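Worksheet: one structure, shown below.
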Amino acid sequence: MLKFYQITDLHYYPARELHACGEAWEKRAKYDQKCLAESEAIIDAAFAYLANDRDTDIVLITGDVVCDGELVGHRSLARKLKMLAESGKKIFLITASHDIRPDPKGYSEEKGEYVVECADKAQLFDIYYDFGLRDALSIHKATNSYCAQLERGYRILMLNDDRQGWGADNYGFSKDQLEWAQTQIDAAKAAGARMLAVCHHPLLPPAKLYKAFSPFEMIDDSENVAAFLADNGIQLLFTGHTHMQSINYFDSPAGNRLYEINTACLTAYPSPIRKIELQGNTLKVATKHLETIDYDLQAKPYMLYLKEHFDFMLNDILDAAAHDIDRFCELGESFSLKKEKSEKFKVPLHMLGQLLDRLTFKKAGRLLGVLPKIAPRMYDVRIRDFLLTLVNNLYGGTRNFAPGSAEYDAFMAIADRLFQIVPVGSLKEMYKTTLRPVLSDILYNANGLDSNDTLIAL
């Protein structure tokens, strides 16, 4: 049996070492989706959790390891990784786009927000050399990708997809990189070893919302790359970036299946630690959570503290959708909703924001003439509050409001009617072809896989 952990998107911000303070820092920490002020305490607790599991020696860390490329953050994290390695863990790490972001920020009372030194690709190679690269069977030096032996009979293909850049249209693999990957796959087959793969950005959308509104947050030419992996016998791909819990699969035209285990951000709600067990053709995925961290949680359980931080962001965004749509378009960037995309749908998004802000399901149902389609137990539920639940479910991997449930039927009845009465034909068509499938998918994950804890026959 092969056992290992996966954590991703640590987004470590070295607040203590940078002496972060002041009004600008307080605002950044408050309004960021990630828990930046708490990130060091979360990572320390997670590493202690991993070190204490004497039954599992392998840890995969799948990119965005620091907040925004802070060189001091990388060096500080490497010291923490060294301590984890000294506990007996074999660590296999790749970096990603946030790790080389060119404008990382520091914060002080005197300067407010200011730029700090960022890391480059060569520095990252040296800083993280002991965490996968040192034990590599082969290295693609241009990208810091590598292939390594996990255990006897198992190898891992660690594919860096950032193309040494930052920003949209920048995630994917060069022809040379894929040729190198093919060589590693062929070598694994010759050695009788099973190959697993890792990259930071997803090949498969965690939900239709992601594909519809954030296509550039995925690997370029994702379907062809997925087919390349699947047709080469790779069945399992481990990714991050989305900050959402999801498990999806892709069937290539040749009939080969690739499963993608996409794990959410460690330092934001829902803060998962994945434990993976692979025995023969059976994959077991379990999601673990910390119970507490060494930080002032205001007398709250750890997960409640994280959720309240997350919900504060969501409420701010919903306020903007209802009352300041231009600000909504700015805030959406925190959730991978590109500004140009949200601006394209300003009108329907603003209409939905206003509707969600004011109404319960009963009031909305009566106003729109669909009250008979709404179950009485949904009458007093404010639509805005329900939307918060949906977003929490999306990030937490618990989209369980199936068609026929009171929640699904009530929400879709209101959405359907709202766009029936919209006077603009193009908006009606946009809803039918794009928005309705997205809304349905937010409510219910129809792929049959539990995105947190599941057993898969490969």
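The values are calculated or read from the model by the stated rules, or taken from the named source; none is laboratory data. Values in this document were obtained by computation on a predicted structure and should not be read as measured data. Cβ coordinates were reconstructed from backbone atoms using ideal geometry, including for glycine residues, and neighbour counts include every protein chain displayed.
Quick notes
- Gly112 vs. criteria under 29 Å from Glu277 (Cα atoms) and assigned by TED's automatic domain parsing to the domain that holds Ala188: no
- Single match in Ala37, Ala45 (criterion: assigned by TED's automatic domain parsing to the domain that holds Cys265, crowded, with 16+ Cβ neighbours inside 10 Å, within 21 Å of the chain's Cα centre (by Cα) and not in a helix (DSSP H, G or I)): Ala37
- Restricting the stretch 304-345 to residues that are polar (S, T, N, Q) and at pLDDT below 85, the residue that is nearest to Tyr210 (Cα to Cα): Ser336
- Assessment of the stretch 137-152 against the conditions (in contact with a His (Cβ under 7 Å, 6 or more places away or on another chain) and either small (Gly, Ala, Ser) or not assigned by TED's automatic domain parsing to the domain that holds Ser76 (or both)) yields no matching residue.
- Within the stretch 418-429, residues that are more than 16 Å from His350 (Cα to Cα) and assigned by TED's automatic domain parsing to the domain that holds Lys346 reach partners that are surrounded by 14 or more Cβ atoms within 10 Å (Cβ to Cβ) and at pLDDT 85 or above with beta carbons closer than 8 Å, at six or more positions or on different chains, in the pairs Gln420/Lys428.
The rows are residues; the columns are (1) modelled with pLDDT under 95; (2) assigned to a strand (DSSP E or B); (3) buried (at least 19 other Cβ atoms within 10 Å of the Cβ); (4) touching a Leu at 6+ places or on another chain (Cβ under 9 Å).
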| residue | (1), (2), (3), (4) |
| --- | --- |
| Ile61 | no, yes, yes, yes |
| Asp64 | no, no, yes, yes |
| Ala85 | no, no, no, no |
| Pro102 | yes, no, no, no |
| Tyr114 | no, yes, no, no |
| Gly132 | no, no, yes, yes |
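- Sole residue being on the phi > 0 side of the Ramachandran plot and free of Cβ contacts under 8 Å to residues at least 40 places away in the same chain, chosen from Arg163, Arg134: Arg163
- Selection count, the stretch 100-122, where residues are touching a strand residue (DSSP E or B) at 6+ places or on another chain (Cβ under 8 Å) and without any contact (Cβ under 8 Å) to a residue 40 or more places away in the chain: 4
- Criterion: assigned by TED's automatic domain parsing to the domain that holds Asp32, small (Gly, Ala, Ser) and part of a helix (DSSP H, G or I) - qualifying residue of Ala197, Ala227: Ala227
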